[in-house]
Amino acid sequence: MGAVPKRKISKGRKNRRRAHHALQASNLVPCPSCKILKKSHAACPNCGKYKNKEVIKTD
Ligand SMILES: [Zn+2]
């Protein structure tokens, strides 16, 4: 067996550690070209643009 904890982590300590594990809503900003809400620092899923250049082909 490799490295193994000497003591059991108590329910309280385990729950305190997991208090920070909740998912957070991603940071949404309006797209400068089509105004849809998109994730910041990512290409727009609606118009496929990033920094006013088309980087994803959209129909
Ligand atoms: Zn857009």
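Numbers at a glance
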{"read-out": "Electrostatic dipole magnitude of the chain [Cβ: Lys, Arg +1; Asp, Glu -1; Cα centre; debye, to 20]", "value": "800 debye"}
{"read-out": "Nonlocal amide H pairs with Lys49, under 5 Å, H built at 1.01 Å", "value": "Cys44, Val55"}
{"read-out": "Surface share of carbon and sulfur [accessible, 1.4 angstrom probe, percent] for the chain", "value": "53 percent"}
{"read-out": "Selection from Gly48, Ser33, Ile9, by position along the positive dipole direction of the chain (Cβ)", "value": "Ile9"}
{"read-out": "Prolate/oblate/rounded call for the chain, Cα gyration tensor, a/c under 1.5 rounded", "value": "prolate"}
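The values are calculated or read from the model by the stated rules, or taken from the named source; none is laboratory data. All values reported here derive from a predicted model rather than from experimental measurement. No Cβ is skipped: glycine too gets one built from the backbone with ideal geometry, and neighbour counts run over all protein chains shown. For accessibility, only protein heavy atoms count, side chains too; no ligands or nucleic acids. Shrake-Rupley method; radii C 1.70, N 1.55, O 1.52, S 1.80 Å.
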